[in-house]
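Following: one structure in structure tokens, then a few remarks.
Throughout, read-outs are computed from the coordinates displayed, never taken from laboratory work. Every value quoted in this text rests on a predicted model; they were computed, and no experiment measured them. Virtual Cβ from ideal backbone geometry, glycine too; neighbours counted across all protein chains shown.
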Ligand code: DPP
Ligand code: ZN
């Protein structure tokens, strides 16, 4: 496969002013007629007209009215080239495609008998021939024609101009998008759907029509998405002065979708997972996900659609920024300081769980990659979540007001343009009169920087000298790294745990100072420090780095008890836990009987006990503090991973906490009941989270009482959060009641696809589920590889989130992985390629596992027929 490089960018040879699309929709044979007006791009460096096209049949091609023959163009490798053409051109293109055969879910496809599209990144070329690149922005008019009884709803981007009946039971709808857009934002839906709709008054006094479209029978699950949409519109008006620029905004849910959702202009298409919710079927996490994703896609209307990307290497320009915006929205919706911190902690967890490993593995790439084979492989946690961290650092450096000034300048300069990450950085720099040259390295260098610190208190001088050190490990293609510009937020705690007033270089800096580290090593002197402080470094996780060492156990206990920065307070607890997990993992791996002799110190238990029962702290925050780093986070710390030892160690800690904190856990279980009707608000969700953590710990060392508690909760709960938590506890406890409860649960929810996904997922990720059980589940009538949510719920869940079973010593998990990647690849390369990444870290495993993992990778790589998507992933893993 061919590698595409950022440095090879050339401007498009022609620009497209208008696109008129006509669709005659038929599942087996859809006719697409396209009429493009093009003009030569004055900035072009190439001459011919280049149109992309993939898996479509060209029926006719006319240039300025003249039918072109085979000699007038070339069509090879999915590229149609017309070598010579006048400066102004009208192209008329007729093509055919077969949506019902399209299992890739990219382009135009059929799901449950309905038509949907997905064009990002390069799906539009599967619909018609077009310069399918984001820097070609055009005005679209779309005519849809289809059978009226079968497809009563016909939707596309923008505003509805006209609709009516045709002969033969067909009907039509004509849509016009008033804004120019790249082809990846095109969408259509032709379907049997119903909608919840509402008129919403915008800040400028206009009324907009908001619609949430779902399959019949799901209108009892659209309220939360609608409410989230209204909150998002309001928030963007108030926070950034950005308004909805259309008369209507539609969200459509489909159960077959590769991603979470898609921000098509005015017609967002969503995975049902991020639309459908009511208390009976959705958990608190689901509600949170819906709010965040609805907001994310809505916010793209400005950050992504009005200002878009010049090329796909700039993906983080829109994704990092939009993730940051949805993160801030979520925090603002909760509103409290600890609520904000709890969401920040979730973000830090995601980085550690997924992004740091990516940055340290074979797929490591900068936030703005330099090359790719398949762009779909670069919709990554690095581009999204690390990209959001990079955007967050501007706000940390310039403050909320300075950040807003930068945003305003960005829109003033670039509205309706396709631009680069550098343009965003320049807007931030210029609006704040700062030079941000070095900051560019966050976009160009891959790898997670490592930050260390040394602090020295001088009693005589009353100074505290803090020396910060940074380095960054080599990543593929980048052996040497230069220092980053890192905002390091620091506080100093006195012996009583109170924040000291900070004076750095003679300047008063409040109680948290944002130090700007730009060198490999740099020293900062705090003056007027009257007692030995404990430094709280990297408050609020002020940069996406790994903070190494520097703390004693006593320091960490002090911070865990007192730090006024809740994120670092939580962090201290995580460090205490991690040190213990690593030590126990070493012991558990040493010999087979080690499990019986593991032991946890009273100091640690006591520290957790204090937090657990501290009623001055939000339950949501306490739950975060009591949650241990995951097995994969522990594994990330090890040079050579023995997944079984990691599992034994972590399970031991969970069970030991369940036993030694039993009374406190029981008390919290009772105290955090949420009587009355279910509400997904953050305070109630936090209580349920703490209560269900207590239930899980009590059942980590199950006895009759704890099992009965889980069983009672399963039987009596009126909401999915509590039911699913109880069922998971029973499954994890390996008790006979689990099988009955699973059967009851399936029976009750078999017609709710998203709950059936949960049913598969909770079994797939339980350490009690081995590969044989997974294979048995794959024969269940409800299982199919064709639906991405379902495939992920069982196969990916097992391979990624059940490490102890997946890494079975006989290598059977790896053989299964290879088999499933190959099977999925034939259907849907994007889904297959995600699963392929489960092997990224194979070189870190114990030798006996490593060679079996390599064998599985080689088996996939050796397939003659393999998508570029999967080939790139396994190729990089083996390189
Ligand atoms: N739909 C994906 C997202 O919103 C890709 N743009 O992030
Ligand atoms: Zn996005």
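Equivalent ellipsoid of region 53-158: semi-axes from √(5λ) of the C-alpha gyration tensor, largest first, are 27, 16, 14 Å.
For the pair region 467-492 and region 120-180, the centres of their Cα atoms are 48 angstrom apart.
Just how far, in whole angstrom, is region 331-378 from region 569-632 if you go by their alpha carbon centroids? Using only Cα atoms, the two centres lie 24 Å from each other. Rg over Rh for the chain works out to 0.96, both radii taken from alpha-carbon positions and Rh defined as the Kirkwood radius. A viscosity of 1.567 mPa s and a temperature of 4 °C, combined with the Kirkwood radius over C-alpha pairs in the Stokes-Einstein formula, give region 718-778 a diffusion coefficient of 110 µm²/s. A Förster radius of 41 Å combined with the Cβ-Cβ distance from residue 337 to residue 520 puts the calculated FRET efficiency at roughly 0.75. Taken over the Cα atoms of region 278-373, the convex hull encloses 134 Å³ per residue. Working from label points 7 Å from Cα in the Cα-to-Cβ sense, the residue 24 to residue 234 distance is 4.9 nm.
By the compact-protein rule of thumb, 2.2 N^0.38 Å, the alpha-carbon radius of gyration of region 328-396 corresponds to a ratio of 1.27.
The reciprocal of the average 1/r between distinct C-alpha atoms defines the Kirkwood hydrodynamic radius, which for region 210-325 equals 14.4 Å. Based on the Stokes-Einstein relation at 25 °C and a viscosity of 0.890 mPa s, and on the Kirkwood radius from alpha carbon pairs, region 4-192 is assigned a translational diffusion coefficient of 145 µm²/s. Each listed q (0.09, 0.10, 0.12 Å⁻¹) maps to a log10 I(q)/I(0) for region 308-444 from the Debye sum over equal C-alpha point scatterers, namely -0.27, -0.33, -0.48. Extents of region 680-832, largest first, come to 45, 33, 28 Å (Cα atoms, principal axes, whole angstrom). For the chain, the longest principal axis of the Cα atoms and the long axis of helix 337-350 meet at an angle of about 70 degrees. Applying 0.36 nm per residue to the separation of residue 630 and residue 459 and subtracting their alpha-carbon distance, the gain on full extension is 57.5 nm.
If R0 equals 35 Å, the separation of the Cβ atoms of residue 823 and residue 718 corresponds to a calculated FRET efficiency of about 0.35.
Quick check on region 655-763: take the gyration tensor over C-alpha atoms, sort the square-rooted eigenvalues as a ≥ b ≥ c, and tell me if it's rounded (a/c under 1.5), prolate or oblate. Oblate, since a/c reaches 1.5 and b/c is not below a/b.
Taking a point 7 Å from the Cα of residue 863 along the Cα-to-Cβ direction, the residues of region 812-850 with backbone N closer than 13 Å to it are 816-837. Of the residues 363, 778, 428, the one with the fewest other Cβ atoms within 10 Å heads the list, and the complete ranking is 778, 363, 428. Output the 0 to 90 degree angle, nearest 10, between the alpha-carbon long axis of helix 704-716 and the longest principal axis computed from the alpha carbons of the chain. The angle comes out near 30 degrees.
Potential lengthening of the chain between residue 703 and residue 554 amounts to 50.2 nm, from the contour at 0.36 nm per residue minus the alpha-carbon distance. In terms of its alpha-carbon gyration tensor, region 566-704 comes out prolate; a/c meets the 1.5 threshold, and the first ratio a/b outweighs b/c. Relative to the dominant Cα principal axis of the chain, helix 223-240 is inclined by about 90°. In this structure, residue 415 and residue 503 have a Cβ-Cβ separation that, at R0 = 51 Å, corresponds to a calculated FRET efficiency of about 0.70.
Can you pull the one-decimal nm distance between simple spin-label points at residue 592 and residue 848, each 7 Å off the Cα toward Cβ? If labels sit at residue 592 and residue 848, their model points lie 1.0 nm apart. Considering all C-alpha pairs of region 754-879, those separated by over 19 Å amount to 44%. Using the alpha-carbon centroid of each, what span in Å lies between region 425-445 and region 835-876? For region 425-445 versus region 835-876, the Cα centre distance is 38 Å.
Looking at region 450-543, I'd like the Rg to Rh ratio, where Rg is from alpha-carbon atoms and Rh is Kirkwood's inverse mean 1/r. That ratio is 1.03, to two decimals.
A straight chain from residue 370 to residue 160 at 0.36 nm per residue would run longer than the Cα-Cα distance by 71.6 nm.
A simple packing score, the average count of other Cβ atoms within 10 Å per residue, orders the peptides 388-394, 378-384, 495-501 as 388-394, 378-384, 495-501, with the highest score first.
With Rh defined as the Kirkwood radius, the inverse of the mean 1/r over Cα pairs, the Rg/Rh of region 155-281 is 0.97. Put a dot 7 Å past the Cα of residue 603, heading toward its Cβ, do the same for residue 734, and the two dots end up 3.3 nm apart.
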